[in-house]
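Visitor: Here it is, the structure in full.
The values are calculated or read from the model by the stated rules, or taken from the named source; none is laboratory data. None of these values were measured; they are calculated from a predicted model. Methodologically, a virtual Cβ is constructed for each residue, glycine included, from the backbone with ideal geometry; neighbour enumeration extends over all protein chains shown.
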Amino acid sequence: MSNDKSADAGCADCSRRSLIAATAVVGGAAGIGAAVPFVASFTPSERAKAAGAPVEVDISGMQPGEKKVVEWRGKPVWIIRRTPEMLASLKAVEASLADPDSKRSEQPTYVKGAARAIKEEYLVCIGICTHLGCSPSDKLAPGAEGGMTADWKGGFLCPCHGSQFDLSGRVLKSMPAPDNLPIPPHTYLSDTRILIGEDGKGA
């Protein structure tokens with residue numbers, strides 16, 4: 001009889017030890033699982049960009065008329081290398097713009113004039129419509145070639161509610177969008193590299 005009790009007690013001890021071991025394994029696995037996102041939080045690149053860290057862009061390979069899109073603070077930033085014809089169109093459309101001198105629109109103080117640029121050839125703007133936050137479509141080519149009316153000089157069209165912008169991101173009159181496309185702070189590190197998100201000297 002005593003041998004049976006000893007056996008039962010031994011089995012109970014074995015069960016308890018097994019349960020403790022299993023609990024420890026599960027707890028350890030949960031601890032590792034919780035640690036993974038914590039450790040991942042130390043990876044700086046994409047998280048830093050999303051948080052607003054400056055973004056460096058290489059424009060050395062851009063051809064006239066080409067557009068490049070990068071992300072800064074979770075927003076699309078457009079870089080467009082404008083052709084001489086594109087730059088010439090900026091004056092031609094001024095009479096039809098709601099804010100031709102960008103007096104009420106968001107842009108750094110060192111970005112002035114019709115080009116709204118540090119270097120006229122390159123437009124750097126945030127590609128988000130100032131109406132309801134949609135992203136306008138490219139209608140860079142003039143007239144019917146761009147899928148627009150014959151008098152269209154080139155620019156952007158917001159597909160959501162029809163707001164139109166010129167090749168400097170300036171909104172046309174009587175459009176749902178109240179203001180021009182924003183210009184982010186940026187500076188040139190060299191002739192071929194732009195730093196978006198930091199002013200520098202604006203040159």
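Visitor: Across region 171-203, what is the total count of residues that are more than 18 Å from GLU106 (Cβ to Cβ) and not in a strand (DSSP E or B)?
Guide: Qualifying residue count, region 171-203: 7.
Visitor: Quick check: is even one residue across region 132-148 touching a Leu at 6+ places or on another chain (Cβ under 9 Å), assigned to a loop (DSSP other than H, G, I, E, B) and closer than 27 Å to ASP58 by Cβ? Step through it out loud before you land on a result.
Guide: In the first step, residues of region 132-148 are kept if they are touching a Leu at 6+ places or on another chain (Cβ under 9 Å); the result is 136-140, 146-148.
Remaining after also requiring assigned to a loop (DSSP other than H, G, I, E, B): 136, 140, 147-148.
Subsequent filtering for residues that are closer than 27 Å to ASP58 by Cβ retains 136, 140.
Yes: one or more hits.
Visitor: Could you list, in sequence order, the residues of region 116-125 that are under 12 Å from ARG170 (Cβ atoms) and surrounded by fewer than 20 Cβ atoms within 10 Å (Cβ to Cβ)?
Guide: If the condition is that a residue be under 12 Å from ARG170 (Cβ atoms) and surrounded by fewer than 20 Cβ atoms within 10 Å (Cβ to Cβ), then no residue fits.
Visitor: Determine which single condition GLY113 fails, assuming it passes every other condition in (1) touching a strand residue (DSSP E or B) at 6+ places or on another chain (Cβ under 6 Å); (2) surrounded by fewer than 19 Cβ atoms within 10 Å (Cβ to Cβ).
Guide: Of everything listed in (1) touching a strand residue (DSSP E or B) at 6+ places or on another chain (Cβ under 6 Å); (2) surrounded by fewer than 19 Cβ atoms within 10 Å (Cβ to Cβ), GLY113 misses just condition (1).
Visitor: Can you pull out the residues in region 69-105 that are in contact (Cβ under 8 Å) with a residue 60 or more places away in the chain, in contact with a strand residue (DSSP E or B) (Cβ under 8 Å, 6 or more places away or on another chain) and loosely packed, with under 14 Cβ neighbours inside 10 Å?
Guide: Answer for region 69-105, where residues must be in contact (Cβ under 8 Å) with a residue 60 or more places away in the chain, in contact with a strand residue (DSSP E or B) (Cβ under 8 Å, 6 or more places away or on another chain) and loosely packed, with under 14 Cβ neighbours inside 10 Å: there is none.
Visitor: With the checklist (1) in contact with a Gly (Cβ under 8 Å, 6 or more places away or on another chain); (2) within 24 Å of PRO84 (Cβ to Cβ) in hand, flag the one item PRO176 doesn't pass.
Guide: PRO176 satisfies all of (1) in contact with a Gly (Cβ under 8 Å, 6 or more places away or on another chain); (2) within 24 Å of PRO84 (Cβ to Cβ) except (2).
Visitor: Applying the selection to region 149-161, what residues are within 22 Å of the chain's Cα centre (by Cα) and either assigned to a loop (DSSP other than H, G, I, E, B) or not assigned by TED's automatic domain parsing to the domain that holds ASP101 (or both)?
Guide: From region 149-161, those within 22 Å of the chain's Cα centre (by Cα) are 155-161; that's our starting set.
Result: CYS158, PRO159, CYS160, HIS161.
Visitor: Here's another thing I want to ask about it. Restricting attention to region 164-176, which residues are surrounded by fewer than 23 Cβ atoms within 10 Å (Cβ to Cβ) and of a type in the set (Gly, Ala, Ser)?
Guide: Across region 164-176, the qualifying residue is only SER174.
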